[in-house]
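Here the structure comes first, spelled out in structure tokens, and everything after it is commentary.
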Amino acid sequence: MKELILLGSTGSIGTQTLDIVRGHREEIRVTALAAMRNTGLMENQIREFMPSCVCMYDADAAADLKSRVSDLPVRVLSGMDGLIEIAAGEGDIVLSAVVGMIGIRPVLAAIEMGKDIALANKETLVSAGHLIMPRIKESGVKLLPVDSEHSAIFQCLDHEPHHRISHIWLTCSGGTFRGKKRSELAGMKVRDALNNPNWDMGAKVTIDSASLVNKGLEVMEASWLFDVPVRKIRVVVQPQSLVHSAVAFDDGAVMAQIASPDMHLPIQYALFYPDRPPLAIPEADLSAIGSIVFEAPDTETFRGLPLAYAAAEAGGSMPTVFNAANEEAVKLFMEDRIGFLDIYDMIEGAMCAHRVTAHPSLEEILEAEKEARARVREMNHAS
């Protein structure tokens, strides 16, 4: 029986993770859940899965939840302290699906306690890969990627010689605005950006997918996960979202993972690795597909990708600035206070203003995040 700690249980990845648990009640037990502020859904999850401890990051939501579940023997915690306590508590695998940099401290706490990590939070490695990966190696715990692209690479590399990697092909659907030019993006609103053709994701990740910022974050994450230089990671648009990524080797072979675009597969793979229990999703029928399309990304229009490569090349604290500036800019875009293209300008402005710290501590990472967010807000007020 695996004991699962699920951080981000009310989001897209979290709810799909609980779908997997429902199908494997005799193999997985949920010991703890954490979310931001959706108390209604969290209450339902508590009553169904009966965890011993939960955390609502928002203090008011935690107080509300405590009154809702006062009839149940469950501890309700709040804030970062609550997330850390849950991550370090009862359980042997932590699936981190929280959004943003709040995932770093709980993951570090879980590693210190010897727990395996199923990672769906890109920012943890983007900002703190230099802190996380040495501790993963020292502790001997597993780090299992949940993102579909990183799971695909992980599967392609299983039992393969890592030193023979020529390069990695990181695929993307192209997002909601694939094929559009800069002039067409100027007037795009939030409702336009949220209409992803293939994937059911949360709002923030969907917007990041539309800007290709999400793919830039995944490039940086892949570099840490697979110990591959960023220059060896190439992005290719695969609009059908059937090829989830591929690895090219020195002998000319390219190994790809093909599957229907359904996040249940990489989630289940991370939870049960190295086993592959049955999963009720449509098989990718190659004879019915007929052809698979690949395209080069339009990096002149979708500047999130080249900005990400520049941040990765600068290294140190710069990836944190890239990520934090994007988070703040996306928040402003979702509030209809800036245009879609302004996201790129604000990321670039924050990066240009930043002085890189080469090997930042956790405190310096958090300070860089604070600085980048403040810079974006200043640019918005000035415009």
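The values are calculated or read from the model by the stated rules, or taken from the named source; none is laboratory data. Please read these numbers as outputs of a predicted model, since none were measured by experiment. In this analysis, Cβ positions are derived from the backbone assuming ideal geometry, glycine residues included, and neighbour counts consider all displayed protein chains. These accessible areas exclude ligands, DNA and RNA; they are computed on the full protein's heavy atoms, side chains included. Shrake-Rupley method; radii C 1.70, N 1.55, O 1.52, S 1.80 Å.
General remarks:
- Only helices (runs of 4 or more DSSP H) whose full extent lies in the stretch 1-78 are considered here, and the ones with at least 1 residues that are of a type in the set (S, T, N, Q) and open to solvent by less than 70 Å² (accessible area, probe 1.4 Å) are 12-22, 39-49.
- Any hit, the stretch 321-338, residues being outside any helix (DSSP H, G or I) and touching a Gly at 6+ places or on another chain (Cβ under 8 Å): no
- Within the stretch 86-107, the set of residues being under 24 Å from Lys370 (Cβ atoms), surrounded by fewer than 19 Cβ atoms within 10 Å (Cβ to Cβ) and either over 17 Å from the mean Cα position of the chain (by Cα) or among the aliphatic types (A, V, I, L, M) (or both) is empty.
- Residue list for the stretch 252-278, restricted to those being touching a helix residue (DSSP H, G or I) at 6+ places or on another chain (Cβ under 8 Å), in a loop (DSSP other than H, G, I, E, B) and open to solvent by 60 Å² or more (accessible area, probe 1.4 Å): Arg276
- Hey, Val126 among the β-branched types (Val, Ile, Thr), open to solvent by 50 Å² or more (accessible area, probe 1.4 Å) and touching a helix residue (DSSP H, G or I) at 6+ places or on another chain (Cβ under 9 Å) or not: no
- Output for the stretch 112-123, where each listed residue is under 18 Å from the mean Cα position of the chain (by Cα) and at pLDDT 95 or above: Asp116, Ile117, Ala118, Leu119, Ala120
- Filtering Ala248, Ala284 for residues that are open to solvent by less than 40 Å² (accessible area, probe 1.4 Å), at pLDDT below 95 and closer than 21 Å to Phe154 by Cβ leaves a single hit, Ala284.
- Residue list for the stretch 279-296, restricted to those being touching a strand residue (DSSP E or B) at 6+ places or on another chain (Cβ under 6 Å) and not in a loop (DSSP other than H, G, I, E, B): Glu295
- Residues that are in a helix (DSSP H, G or I) and either open to solvent by 10 Å² or more (accessible area, probe 1.4 Å) or β-branched (Val, Ile, Thr) (or both) within the stretch 297-318 comprise Pro306, Leu307, Tyr309, Ala310, Ala312, Glu313, Ala314, Met318, listed in sequence order.
- Residue check, Ala325 surrounded by fewer than 19 Cβ atoms within 10 Å (Cβ to Cβ), among the hydrophobic types (A, V, I, L, M, F, W, C), under 30 Å from Glu369 (Cβ atoms) and within 23 Å of the chain's Cα centre (by Cα): no
- Qualifying residue in the stretch 166-175 (condition: under 22 Å from Asp298 (Cα atoms), over 20 Å from the mean Cα position of the chain (by Cα) and buried (at least 20 other Cβ atoms within 10 Å of the Cβ)): no
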